[in-house]
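The values are calculated or read from the model by the stated rules, or taken from the named source; none is laboratory data. These figures come from a predicted structure and were not determined experimentally. Because the Cβ atoms are built from the backbone with ideal geometry, glycine has one as well, and the counts that use them run over all protein chains shown.
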């Protein structure tokens, strides 16, 4: 079972942990990360949630999850990307987009530029069943058609301009130079 560090509304550590799945008290938060992987064609990597998932089965999402007790946000992002896709990166490759606070978590959003062949993606058993590279324009169609997990829709709304700039950046220049 995973344990998460708890924070107050200002992201000040409370010095306590909670097991995943346990109810947090009002005013207690943990940290969640999401990672938008962008290839050199400016496409976004999405995974399809397993049909047996309790929340948002068969819905598309970016890579993400909760930061474990003792981890930094960046360490959690690197671990989640590895666990869910098999993509290995260094913390220095993460580009911070911003933080969204919901009723029980601080959601730190990152992008990473990485070219990975779709056949090389290793889906996490019980978590995801499919993966796709999509154009930024397709993201709107997936959201509007109700095929994107609601939390991801909520997280990306305040970050959308930043994500657009990240994709445009890769489309206009080669990031590897």
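Quick look at the values:
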{"read-out": "Residue that is modelled with the lowest pLDDT, among those in the range 144-168 that are out of contact with any strand residue (DSSP E or B) (no Cβ under 9 Å at 6 or more places or on another chain) and assigned to a helix (DSSP H, G or I)", "value": "168"}
{"read-out": "Every residue from the range 139-155 that is free of Cβ contacts under 8 Å to residues at least 24 places away in the same chain and surrounded by 13 or more Cβ atoms within 10 Å (Cβ to Cβ)", "value": "143, 153"}
{"read-out": "Of all residues making up the range 45-54, the number that are surrounded by fewer than 21 Cβ atoms within 10 Å (Cβ to Cβ) and either in contact (Cβ under 8 Å) with a residue 40 or more places away in the chain or under 29 Å from residue 167 (Cα atoms) (or both)", "value": "6"}
{"read-out": "Filter pass, residue 81 being at pLDDT below 95, closer than 14 Å to residue 34 by Cβ and either in contact with a strand residue (DSSP E or B) (Cβ under 7 Å, 6 or more places away or on another chain) or not in a loop (DSSP other than H, G, I, E, B) (or both)", "value": "no"}
{"read-out": "Selected residue (criterion: nearest to residue 12 (Cα to Cα)) from residues of the range 74-89 that are under 11 Å from the mean Cα position of the chain (by Cα) and touching a residue at least 24 places away in the same chain (Cβ under 8 Å)", "value": "76"}
{"read-out": "Residues located in the range 19-38, provided they are at pLDDT 95 or above and more than 21 Å from residue 155 (Cβ to Cβ)", "value": "19"}
{"read-out": "Answer residue from the range 101-137, given it is under 23 Å from residue 168 (Cα atoms) and without any contact (Cβ under 8 Å) to a residue 60 or more places away in the chain and is surrounded by the most Cβ atoms within 10 Å (Cβ to Cβ) among those", "value": "118"}
{"read-out": "Enumeration of residues in the range 44-55 that are touching a helix residue (DSSP H, G or I) at 6+ places or on another chain (Cβ under 9 Å) and modelled with pLDDT of 95 or more", "value": "44, 45, 46, 47"}
{"read-out": "Residue count, the range 11-43 (criterion: farther than 18 Å from residue 110 by Cβ and either assigned to a loop (DSSP other than H, G, I, E, B) or without any contact (Cβ under 8 Å) to a residue 40 or more places away in the chain (or both))", "value": "17"}
{"read-out": "Meets criteria (touching a strand residue (DSSP E or B) at 6+ places or on another chain (Cβ under 6 Å) and part of a loop (DSSP other than H, G, I, E, B)) for residue 89", "value": "yes"}
{"read-out": "Residue in the range 109-129 that is assigned to a helix (DSSP H, G or I) and within 16 Å of the chain's Cα centre (by Cα) present", "value": "no"}
{"read-out": "Criterion violated by residue 95 - all others in (1) closer than 22 Å to residue 149 by Cα; (2) in contact (Cβ under 8 Å) with a residue 40 or more places away in the chain; (3) touching a helix residue (DSSP H, G or I) at 6+ places or on another chain (Cβ under 9 Å) satisfied", "value": "(1)"}
